[in-house]
Amino acid sequence: MTYSPSAAPLIQLRDVHKHYGDYHALRGIDLEIKKGEFFSLLGPSGCGKTTLLRTIAGFEAPSSGSLTIDGRDMAGVAANHRPTNMVFQSYAIFPHLSVAENVGFGLRRDPRSKAEKARAVAESLEMVGLGGYGARAAHALSGGQRQRVALARALILKPKVLLLDEPLSALDKKMRETMQVELIKLQRNVGITFILVTHDQEEALIMSDRIAVMFEGNIAQMADPETMYRRPNSRRVAEFIGKMNLLPATAAMERNRIVVDVAGLGRGAIEPDQAPSGVQPGATTVGIRPETLSILFPGETTDRRLAAGTVDEVVYFGDMTYYDVRIPGVEQPLTISMKNLIGRPVLDVGAVTQVVWDERSLVVLSR
Amino acid sequence: MKKGWGLRAYAVIYLAFLYAPILLLPLFAFNDAAIIAFPLSGFSTRWFEQLWTTQALHDALQNSLIIATVTAVLATTLGVCAARAGTLANFPGKSGALGFIMLPLVLPEIVIAVALLIVVRQVFDLELSNLTVIAAHTVICIPFSIAILNGAFQNLDPSFEEAAMDLGETRWGAFRLVILPLVFPGIVSSLLICFIISLDDFVIAQFLTGANPTMPVYIYGLTRFVDALPLIMALGTILVTISITLLVIAEYFRRRGVARAGLKDSGGFL
Amino acid sequence: MGILDTSPRVRAAALVAPPFLYALALLAFPLIAIIVISFWTQSGLALNRVFTLENYREIFSSPIYVWGNANRWGVLPLSLFVSATVTLVTVVLAYPIAYFVSFVVAPERKALWLFLITIPFWTSYLIRVFLWKVILGFNGVVNTGLQSLGVIEEPLSVLLYNLNSVIITLSHAYAVFAILPIYVALEKIDRSLLEASQDLGESRFSTFLRVTLPLSVPGIVGAVLIVFIPTIGDYVTPELMLGSGGRLMSNVIQTQFLQLNNWPLGAALSIITMLAVGIVSLVFILLNRRWLRGRA
C-alpha cells in the first residue's frame, strides 16, 4: 500500500449535506482526497455513498456545504464541465454505437483531427486490453468487456478524478477478482485519482489506499485498509469489515498503562493505539479478530495466554477451518479461524480445547 | 402429436375468423358484378377505374391525408413529452396527470366526439373544419403514442443521459446523440400508428368534420347506395393495402429499435 | 440552459405540462361542458340556460331509455346487455389465443403471431363492419355461398338485422383488445410456478385452474374493461347491422346531436351512459379485487 500523493488535496468537501425532502442523505461530510489516491467509499446500501459520488460527479447538488476539485469551487458547475468522469454501475454503454464510437463519445468537441482521435481511441482500448475491438457492436459485449469499454471511455478524457459506482457488482466472482487486480494496475499506470463506491468490504480492503466507511449519511471512519481492519474505531465499523469477536471488558489505568480485564480471557495491558476511540475506566467492549486467536492442538505448546473452552461449531472451508468455541463466563462463543496446516486435525463439536490469545491483538471499542 | 395441437388448430381457425373479411375484399373488388354475392362472375378492374375518376373521393382522401399527417406529428410530439416525463423523477400529481392523458383509452369515443362538438359549437361558436378533427384525433391518438413510446423510453438505461453528460455533453446534446437515436424507431412507430388511427376514424370525424368529409365519412355516405358496394370493396382493398404496408414498416422499425438496444423481442405494439 | 438544468422533478413537470394542458383543454373542459349543457334545455334553435333536471327527468320517465316496457327493453339496459355479451364472447374466444401465443408458440415466433393477430385490427374499422354486413346479409356471402354449394335453399335470416350480427361484428372488431392484455398477464407468470404446482402433485389441467388462471385475472379484467367500455360507444355497428329496427344507446345519442338537434338531451344521455359504464366497470373491478390485490 504505497502511494506518493502530493501535499495539496485534489478534492475537498466541507460540511456537505444533502436532503431529499424529509430524507437526510448526507449529514455533514468532511473529506479530503489527495491526487493519485485510490479512495473507496464503503458502506451498506442506503448509507449515502452513491449520493456522495454523484455529488462529486455533479449529478446531485449539495443542499449545503462546499466541494472543490483541484482548488476550484464546483458550485454551479454542471457534470459536463467537471474534471471528473464516471464508470456507471450499469456501465451505460450506448447500445446504438460501436465500441470505438462509445470510447470516442466524449471527444466530439475535441479540436484534434479525426485520425488523432482514432489513435486516441485505439490507445485507450489497448490500455484496457480491448485492442482491436473498436468495430464491435456495443450490445454484443460480455459484462467484463462492457466494463473495460466504460473505463476506456472515461479515461480517454484524462479526467483528474475517475469515479467508479460499484463497477464490479454485476460481474461473477472470478471476473470480479480479475478486474480488481486490473483496476489496481490501471490506476498505478495512469496515476489518476480513483474514487470507488462499493458495499464489498473485501474489495475495498484489496484495492484502496484509503477507505471511508459510511453509515446513515456520515463517515464513520476514514483510514488506510490496515488501520481500518486492525484498529476500527467503533463496534459498527469493526463488525462491518471482516469478522470481529466482541467481548465485554473492564478498563482501568494502572501505572500509566491501560489494563483491560476481558470476560472469559483475563487481564492484559494494551498500548494507547489499541483504543482508537479512547478509553474510560469502567465497563467497555473489546474486539478480537478470529485469526489472532488460535486453538492449541494436542502436542502443541505455547508461552502465550490460554483460556479453556469447548468446541461449539465447526465450519470447514478447505484451506481454513472456523471454530466457534464456548468459554465459561462468556455468552457469545468465540470465532477462531485456523489454517489447516499439515498434521493439524479438524476438531469435532464438543471437543475440549485451549484458546491461545494475546493482548496485543485486542482493540478497545468504547463506541 | 405435437404439444398444444388443439390450441394450434383453434388459433388457426381464429386467425381465419380475424382475416375472413379482409380476404373477401379483393375477391369482390376485382369481381365484375354490381352485387356482392357468390358465385363470382369474372375479373374486372372497372371499380378501381371508377374510383380513379371520382373527384369527391380524391378530395376526401386528400383531406384525410392532411388530417392524419398533422395528427400524427402533433400526437407523437406530445407523446414524446409524456413518455419521457414518465421515466424521470416523480412529482406530486405526476401519475394523476399521466393517467388523465390516457383517459381516452377508456372513454367511449362517442362521448369524446359529443363533448368536443359542444365545446366547438356552443362554447366557442366556431365553424367545424379539418382543424377540429385534427384537435380531436390528437386527443385519442396521444394515449396510443404514449403506450408505444413508453416501451421505447423504459428500455433506456437511466444512466445513459448521465453518462453522456459526464462525457461532456449538455442535456440537449445527450438527448440528441443518445436518447433520440435509441427511441427513434419508437417515434416512427408512433407516427405511423397515429396516422392509421386518424385515417381510419369515423365516429369523431362524423361529428366534427366541416364542409369537406374525410375518407371514412365519405365511405359511410357510400354505404347507403346499393350500387356503390363494389366501389367500397375496391376502396377498402386500397386502404387495407396501405394500412398493412404502413404496419409492416412500423413493425420493422420497432424490431430494429429492439435489436439496436440489444434487447430480447417481447413483441407487439401495445 | 434554463429549464434543462433544473431538478429532475421540475423537468418531469415541464415535460408533462404540454400533453396535460392539451388533455385539459380538449378533454376535461369538454367533459365539463357536456355536464353543464345536460342541465340546460333546447328551445327551438337556441339553448335555454336555466338550470333544470328536465332532461334527466325525461330519460327516467320515458319507457324508451331506461325502463322499457313489456314488449321491449329500454335502450340503456339493452346496450349494456349487448356490450356485456360481446365482452363475454370476445374474452372467452380470446383467452385460448393469448394462452396459445404465450405458452405454446416458440419465443422467437411470438412477435410474428402477435403481429398477425394485430394486422386486421389496424385495417379500416368502417370497412370491416361493412364487410360483415356483406358477409352476413340476406344476399350476402354466407347465404349465397351456402346456396351455391347447395347446403341451403332459402337464405338464412338469422344472420343479419338482429343482435347476433352486432355481437359477431363487435367480437371481431375488439378481438385484439382482449388478446393483448391477457397475453401480457400470461407472459408475466413465472414459469417455475407452474413447475412448482406440478411438482406438488397437480395435473396440467388443475395447474391451469389453480395457478395460471388466477394469476391471469388482472389481464382478464383489463381485457373486459377495454372491450366493454368502447363497445357501448360504438354506433356504426348497430347502425349498419340492425337497420332501422333496433337502436342502441350510442345511436340514440348520435340522433339527438346530428338529427333531432336536441343537444342537452343528448348530453344527458351521454352522461347517463358514462355513469352506467363506470358503475358496471367499478362493480366488476370490486368483484375481482381479491385477484388484483398486490399486483400492478
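The values are calculated or read from the model by the stated rules, or taken from the named source; none is laboratory data. Remember, predicted model here, so these are calculated numbers, not experimental data. We place every Cβ from the backbone using ideal geometry, glycine too, and count neighbours over all the protein chains shown. Note: areas computed on protein heavy atoms with side chains; ligands, DNA, RNA excluded. Shrake-Rupley method; radii C 1.70, N 1.55, O 1.52, S 1.80 Å.
For this structure, a couple of remarks:
- Net charge over other residues, Cβ less than 10 angstrom from the Cβ of A:V259 (K, R count +1; D, E count -1): 0
- For chain A, the longest piece that avoids every one of the GluC sites (Glu not before Pro) found in DSSP loops with at most 15 other C-beta atoms within 10 Å covers A:1-215.
- Taken across both chains, chains C and B shield about 8100 Å² of accessible surface from a 1.4 Å probe.
- Helices meeting the span-like rule in chain B (full DSSP H runs, Cα extent of at least 27 Å along the helix axis, mean Kyte-Doolittle score of 1.0 or higher): B:5-29, B:130-154, B:180-200, B:229-260.
- Solution diffusion estimate, µm²/s, Stokes-Einstein, chain A, Kirkwood Rh from C-alpha pairs, 20 °C, viscosity 1.002 mPa s: 92
- Heavy-atom accessible area order for C:R109, B:R256, largest first, 1.4 Å probe: C:R109, B:R256
- On Cα atoms only, tilt of A:114-127 relative to the major axis of chain A in degrees: 20
- Span-like helix check, chain C: qualifying full DSSP H segments, with Cα axial length of 30 Å or more and mean Kyte-Doolittle of -1.0 or more, are C:75-99, C:263-287.
- Cα pair count fraction exceeding 57 Å, expressed as % - the protein assembly as shown: 32
- The residues of the stretch C:66-185 have, on average, 39 Å² of accessible surface per residue, using a 1.4 Å probe with all protein chains present.
- Net charge over other residues, Cβ less than 12 angstrom from the Cβ of A:T178 (K, R count +1; D, E count -1): +2
- Here the Karplus relation 6.51 cos²θ - 1.76 cosθ + 1.60, evaluated at θ = phi - 60°, turns the backbone of the stretch A:255-265 into coupling constants of 6, 6, 10, 8, 10, 10, 10, 8, 4, x, 9 Hz, with x for every Gly and Pro.
- Estimated translational diffusion coefficient (Stokes-Einstein, Kirkwood radius over Cα pairs, 25 °C, 0.890 mPa s) of chain B: 115 µm² per second.
- Overall Cα dimensions of chain C - principal axes, largest extent first, Å: 77, 72, 40
- Accessible carbon and sulfur surface of the stretch A:115-164 relative to its total accessible area, %, 1.4 Å: 50
- Within the stretch C:30-93, the trypsin sites (Lys or Arg not before Pro) that combine a DSSP coil assignment with at most 15 other C-beta atoms in a 10 angstrom radius are C:R49, C:R72.
- Shielding by partners, peptide B:133-144 (average Cβ within 10 angstrom, other chains): 2
- Accessible-area loss of 40 Å² or more (1.4 Å probe, protein heavy atoms, chain alone versus all protein chains) is found in the stretch B:79-95 for B:C81, B:L88, B:A89, B:F91.
- Once backbone amide H atoms are built at 1.01 Å from N, C:T41 has C:N48, C:V50 as its partners under 5 Å, excluding neighbours fewer than 5 places away on the same chain.
- Amide H contacts under 5 Å for A:G65, placed H, 5+ residues apart: A:H17
- The C:S192 and A:K243 beta-carbon pair, evaluated with R₀ = 45 Å, returns a calculated FRET efficiency of approximately 0.80.
- If you plug the beta carbon distance of A:D303 and A:R236 into 1/(1 + (r/R0)^6) with R0 = 45 Å, you get a FRET efficiency near 0.80.
- Whole-Hz Karplus values for the stretch A:16-31 come out as 7, 10, 9, 10, 10, x, 7, 7, 9, 7, 10, 10, x, 8, 10, 7 Hz, taken residue by residue from phi with 6.51 cos²θ - 1.76 cosθ + 1.60 and θ = phi - 60°; glycine and proline positions read x.
- Centroid-to-centroid separation of the stretch B:46-86 and the stretch A:207-257 [C-alpha atoms, Å]: 71
- Each other residue within a Cβ distance under 10 Å of A:V99 adds +1 if Lys or Arg and -1 if Asp or Glu, for a net charge of +3.
- Of the chymotrypsin sites (Phe, Trp or Tyr not before Pro) in the stretch C:120-193, those whose Cβ has at most 14 other Cβ within 10 Å and which sit in DSSP loop: C:F138
- Residue by residue along B:213-219, Cβ atoms of other protein chains within 10 Å of the local Cβ number 2 on average.
- For chain B, with all protein chains in place and a probe radius of 1.4 Å, 68% of the accessible heavy-atom surface sits on carbon or sulfur.
- 18 Å Cα-Cα threshold exceeded, pairs from A:K18/A:K49; A:K34/A:K160; A:K173/A:K243; A:K114/A:K185; A:K35/A:K160; C:K110/C:K188: A:K173/A:K243; A:K114/A:K185
- Chain B: calculated mean residue ellipticity at 222 nm from DSSP helix runs of at least 4, using -39500 (n - 2.57): -23000 deg cm²/dmol
- Efficiency of FRET from Cβ geometry, C:S7 and A:D110, R₀ 41 Å, rounded to 0.05: 0.85
- Contact-buried residues of the stretch A:85-117, at a threshold of 50 Å² lost accessible area versus the chain by itself: A:F88, A:F94, A:P95, A:H96, A:F105, A:R108, A:R109 (1.4 Å probe; DNA, RNA and ligands ignored).
- Where the stretch A:243-364 is the region considered: accessible area per residue in Å², 1.4 Å probe: 53
- Annotation for the stretch C:2-63: chymotrypsin sites (Phe, Trp or Tyr not before Pro) lying in DSSP loop with at most 15 further Cβ atoms inside 10 Å of their Cβ are C:F51.
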